[in-house]
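Let me begin by presenting the structure, written as structure tokens, before commenting on it.
Each reported figure results from applying straightforward, stated rules to the coordinates on display, with no laboratory input. As the structure is a prediction and not an experimental result, all values here were calculated from the model. Glycine also receives a Cβ, built like all others from the backbone with ideal geometry; neighbour counts cover every protein chain displayed.
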Amino acid sequence: MNQIKPLVNSIANQPAKPLAKLTDQELEMRLRDLATKERKILHVILEHIKEFESRKLYLARAYTSVFEYLVKELGYSNSAAMRRLEAARLLREVPIVAEKIKEGSINLSQIGELSRALKEKEKITGAKVCREIKAELVSSISGKSTKETQKELAVALDIPVYDFEKQKIQQDDSLRIEITLNKAQLEKLQQCKNLTSHLLMQNFNGDSSWATLFEVLADQYLNKRKMNRKSSLAGAEKESLELKKASLGAKAASLEPETQANRIEMGGANSSNLTSIEMKDSHFSEIVFSACISSDISSGSIGGSSIGGSTIGGNPKYDSTSPISTPIADAAIHNRIYKNVTPLLRRTVLLRDGCCQFLDSLTGKRCGSKFSLEVDHKTSQWAGGKHMLANLHTLCREHNSYKYSLESGVRTLS
Ligand SMILES: [Zn+2]
């Protein structure tokens, strides 16, 4: 891929005559020349993006997608990155796109339209559109305007004409969004509107605008999530008692004799004092998190999510007076080996980390993705890694599979 250098050089070698001194004819010639070179560079960039994505190099740089890399690392706007990515992917399937871009008969906007139309078609039919049809569509939209392209694609694929979703931030920080809904989407939303009409009447003075409907639906969804999380945490509290009892045993063995006596007094009478132990250690989950955070805090990595009233990350509550939060006990919890990764262990790790912990080995950048999180063994089981908090961390699905592929020596290509 040494095509960029001569192109850049040839532009740099343009005569240094000030633009204002050029004749009209010279100015137009130079503009045409530069536009041609810009298209050639674009094509070369797309080829690079295509290869970069194939090799999944963004994963090593702690990004979950090439799109994220293009935006955050190379400074493209979201839409510019998306258009280039869509074009690079189309290039892989329909190589003729390269020539069309170079000759200027097809541009990134048209490719964006084509990608959206194909997705729409595949969503409707549930089947992939084959390469041959894609190549035909590329030929049919060549040399057309964006509007003409939209119509051409809608007719060829038998889908509704798609309009851009327009967004505009207004003076008061509100956002004006213009969207096009297909018939099915509109019917679903209309149904929601009918079903929530009593809420709109009660709480919004009968305001039945789309904005209010979206707010009502968003509130309901968020409340449902909150309730699910609460019930999940309640289950975790119950499970934590078993972990707690086990850790009390481990800790008692490592305490000074007099403290140990105190501990035994508190927790030794297995059944009769159980209630009082539960009372005293009702924040066991929090202490487990604190113990983990205390060892990881130096990396400054943990995001500040709030779970069940206890803060995870930021300023973790670390109760040094609590009998089970001594450094020795923390180490015991941190390094305790379990038979398997229980749901509680998994939740503890997810809550402790809050996001993907994958680090770019060159820059130290953390991935930080909060989507599709999985719990992974830092040292894999096949390499002797144990089921313990100290050896468990959170990775997003992309980085988990990337780590797996690195370890197995298999390069996973799409
Ligand atoms: Zn990640």
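If amide H atoms are built 1.01 Å from N in the plane of the peptide, which residues on other chains or at least 5 residues away come under 5 Å of the amide H of Leu392?
Lys378
Stretched out fully, how many nm does the piece from Leu42 to Lys147 gain, at 0.36 nm a residue minus the Cα gap?
Length gained, Leu42 through Lys147: 35.5 nm.
In Å, what Rg and Dmax follow from the Cα atoms of the range 355-414?
11.7, 33
Where the centroid of each part is defined by its Cα atoms, how far is the range 62-123 from the range 348-364 in Å?
Result: 30 Å between the Cα centres.
With the calculation restricted to Cα positions, what are the radius of gyration and Dmax of the range 4-157 in angstrom?
That works out to 17.9, 59 Å for Rg and Dmax.
If r is the Cβ-Cβ distance from Asp172 to Lys370 and R0 is 30 Å, what FRET efficiency results, to the nearest 0.05?
0.55
Can you give the FRET efficiency for Leu181 and Ile96, using 1/(1 + (r/R0)^6), R0 = 30 Å, r = Cβ-Cβ distance, to the nearest 0.05?
0.35
Please give the FRET efficiency for Glu26 paired with Glu103, using the beta carbon to beta carbon distance and R0 = 22 Å, rounded to the nearest 0.05.
My answer for the efficiency is 0.40.
In the range 107-203, which trypsin sites (Lys or Arg not before Pro) fall in coil by DSSP and have 13 or fewer other Cβ atoms within 10 Å?
For trypsin sites (Lys or Arg not before Pro) across the range 107-203 that sit outside H, G, I, E and B with at most 13 neighbouring Cβ atoms in 10 Å, the list reads Lys128.
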